Amino acid sequence: MPDDASDRDLLAAHVAGDPEAFTTLVSRHRDRLWAVALRTIGEPEEAADALQDALISAYRRADSYRGDAAVTTWLHRIVVNACLDRMRRRAVRPWVPLPDGEPDSTAFADPVDSIDRREVALEVERALATLPAEQRAAIVLVDMEGWPVDEVARMLDCPPGTVKSRCFRARAKLAEQLGHLRNPDDQGPVSTPGGTS
Amino acid sequence: MTSKGDMTEDDIERLLAGQPRPVMPEAVWTRLSEALAAEPPFEPTAETDSSGGVVVPLRRRRAGRLAGGLVAAAAVVLLGGIVVTSGSSPEPAPVAIGGDGAAQPAALSVTTSGTSYTATTLATEAKTALARAGMDPTAPLSSASVVQTLTNSGFTASREALAGCLGAIVRAVAPDGSLNDSTALLVDRGTFEGRDAGIVVLMSNRAATPTLHVVAVAASCAPVDPGVLRHVTLAAAS
């Protein structure tokens with residue numbers, strides 16, 4: 001398959017028997033899928049397990065993709081619901097992963113700032129871990145991954161209003177827990193990585 | 001200037017959007033790619049019908065009762081002699097319904113109509129859903145086709161979850177065991193009174209005339225808690 005093959009072309013190639021197409025497809029979106037799994041389920045090993053279950057399920061059920069949504073929506077749907085199912089079945093207690101991004105040129109320019117960003121990230125993850133699974137999944141997808149509400153509704157198999165409601169309740173809970181992050185000395189409202197907003 | 005502690009909804013959105021996205025560790029990618037490489041080549045497993053549902057052939061077996069000691073959510077043959085296959089597996093995969101002892105309910109049709117059921121319309125909408133799924137409770141089961149669309153959430157996300165939920169429903173609505181040998185005709189995902197729910201239609205085989213039990217349950221229906229929202233009974237011919 002050419003490198004510029006679309007996601008739909010790759011999935012169609014997989015269904016047609018191309019042995020590499022599905023892995024190529026997943027590789028394109030691996031970081032986003034990993035982020036969703038990790039942020040939803042909160043524990044790296046469980047996230048890896050859930051992601052593997054989800055991808056194998058998607059591999060085997062590739063012909064169930066009907067083309068009425070983007071392939072990435074379909075993949076995310078399978079992943080997030082694998083995470084939710086695992087959390088419900090095993091009562092997974094999320095713990096807080098440290099940020100795992102690649103170091104950038106400014107990461108060590110100001111060690112104090114780097115520590116602050118990691119502490120903020122830890123605080124955010126701890127607060128997310130207190131949310132009910134469905135609220136956590138919704139807010140991860142909408143606020144952290146930037147998915148439109150309608151797409152998230154497809155992923156979570158619920159009405160868009162339900163997604164909005166879950167996000168609203170989640171933000172309210174997070175606001176209570178993260179209010180101490182508001183920096184009264186900044187021009188902007190909160191301390192965020194890379195400066196104020 | 002806003003004081004410390006006054007975090008608005010917009011503040012939270014910005015805070016979350018600004019969090020660095022974790023990168024998949026190479027060890028995780030190695031694990032996943034090896035798992036995918038170990039999979040057998042993809043084989044088409046089912047065709048879709050005109051409504052987009054996955055049509056699965058129904059194989060008739062002799063009806064029989066299972067011995068006691070079934071564990072909810074175990075993958076075991078069941079369902080009043082009818083084997084339900086999943087479109088995702090190359091071999092027929094039976095669905096186990098939890099419960100103790102006798103033969104268990106069988107889910108023949110799993111759909112996601114998105115119907116907005118209410119307490120007032122539950123019975124009527126359930127009959128409509130049965131008709132839409134091509135299910136005639138008064139017709140021989142062997143003449144029915146199976147349309148099964150496993151969803152990606154709630155108790156219809158897997159055969160095991162479905163089995164566990166159905167067993168829990170039977171135990172909840174009929175603690176006396178009177179529904180232990182019932183047949184599940186339909187599971188439809190939609191909403192009930194505005195909340196994510198599933199509608200389950202069971203047919204009692206013990207009544208002189210076929211009796212349908214229409215049960216609305218929360219989407220989180222599970223062996224430990226079926227989340228029954230509403231239960232109505234009606235004669236199958238009505």
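The values are calculated or read from the model by the stated rules, or taken from the named source; none is laboratory data. Owing to the predicted nature of the structure, the values given are computational and were not obtained by experimental measurement. Glycine also receives a Cβ, built like all others from the backbone with ideal geometry; neighbour counts cover every protein chain displayed. For accessibility, only protein heavy atoms count, side chains too; no ligands or nucleic acids. Shrake-Rupley method; radii C 1.70, N 1.55, O 1.52, S 1.80 Å.
Legend: calculated FRET efficiency, A:SER6 to A:ARG66, from the Cβ-Cβ distance at R0 = 25 Å, rounded to 0.05, equals 0.95. Here's how it looks for B:THR211: its modeled amide H is under 5 Å from those of B:SER204, B:ALA236, which are all 5 or more places away or on a different chain. The gain in end-to-end length when the B:ALA235 to B:GLU39 segment is fully stretched comes to 65.8 nm, 0.36 nm per residue minus the alpha carbon separation.
With every protein chain in place and a 1.4 angstrom probe, the accessible-area ranking of B:SER158, B:SER153, largest first, reads B:SER158, B:SER153. The simple Förster model, with R0 at 22 Å and r as the Cβ-Cβ distance, assigns B:VAL224 and B:ASP176 a FRET efficiency of 0.60. Within a 10 angstrom radius of each residue's Cβ in B:115-123, how many Cβ atoms of other chains show up on average? Whole number is fine. Mean number of neighbouring Cβ atoms from other chains: 0. Under 5 Å between amide hydrogens, built in the peptide plane, is the criterion, and for A:ALA5 it picks out nothing among residues at least 5 positions away or on other chains. Highest mean first, the peptides A:153-162, B:222-231 sorted by other C-beta atoms within 10 Å per residue fall in the order A:153-162, B:222-231. Put simply, when B:37-44, B:179-186 are sorted by average Cβ atoms within 10 angstrom per residue, most first, you get B:179-186, B:37-44. Across segment B:7-19, rounded Karplus estimates of 3J(HN,Hα) from the backbone phi angles (6.51 cos²θ - 1.76 cosθ + 1.60, θ = phi - 60°) give 9, 8, 4, 5, 4, 5, 4, 5, 4, 5, 5, x, 6 Hz, Gly and Pro being marked x. Counting only other chain Cβ atoms within 10 Å of each residue's Cβ, the peptide A:56-62 averages 6.
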